[in-house]
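Here, each number is a calculation from the coordinates, and none is a lab measurement. Please read all numbers here as calculations on a predicted model, not as lab measurements. Ideal geometry is used to build each Cβ from the backbone, glycine not excepted, and the neighbour counts take in all protein chains shown.
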Amino acid sequence: MRKVFLIAGLMTAFALAVLATSAAAPANFAGTWALDKAKSQGLSQRMQNADSVIWTITQDDKQISVESKVTGGQSTAGAGPGAGGGAGRGMGGPQTYNLDGSEITADVGGGQMTGKSAVKATWAGSVLELSRKLTFTTADGERTNSTTQKLSLSGDNKVLTVNQHSEGGRGGPQDSTLVFNKQ
C-alpha cells in the first residue's frame, strides 16, 4: 500500500512540475541588442557593411516593439521595408506587434509608394514569431514583401537569435540568422 501512495505522490509531483513549466511566463526580449556579425549568417549587404546594428526592444504583457538602427555602411539602392533585416526606421519608426496574436494593419505611403502593412506575433513555446506583410503599389505595379522572424533567447538571456525568412525583395527569398548580444 505504501508503494501505491509513493507512486501516486511522485506522479502528482511530476504532473504539477509539467503544469508549472507550461504555465511559465513567455520570454521577455526587452532590452538593447547589438548585432554580432561574426556569429550571424546570411546578412544583407547593408548589414555586413554597417558599423553597428542595434535593436531596441520594448515589451509588456500586451505588446512588443522592435526598433532597428543601422549606423554607417551604405544603404542599398531601393532598399525597402525590412532592409537591414528588421523592423525599423525604413517604415517610420519601431514596428509594434500585439502579443495576443491579433493582427495590426496600417496604411503606408510616401513618395511614389502607397499600400498596406499587416503584422502579427504568435508564440510557439518560448519562441516568438513576428510576421510582417507589406503590399504596395509603385509606378511598376503592385508588389508584396513578407518577412517572418523567429526570436529566441539563450538560457542566460544574454543572446538573442533571430531566424529570418524574407520573400518578395530583389533577388528572391532570403534566409538569415541574426545573433545579437545584450548591451
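Taking the number of Cβ atoms within 10 Å of each Cβ as an exposure proxy, the fewest-first ranking of 128, 43 is 43, 128. Using equal-weight Cα scatterers in the Debye expression, the normalised intensity of region 28-182 in log10 at q = 0.15, 0.16 Å⁻¹ is -0.77, -0.88.
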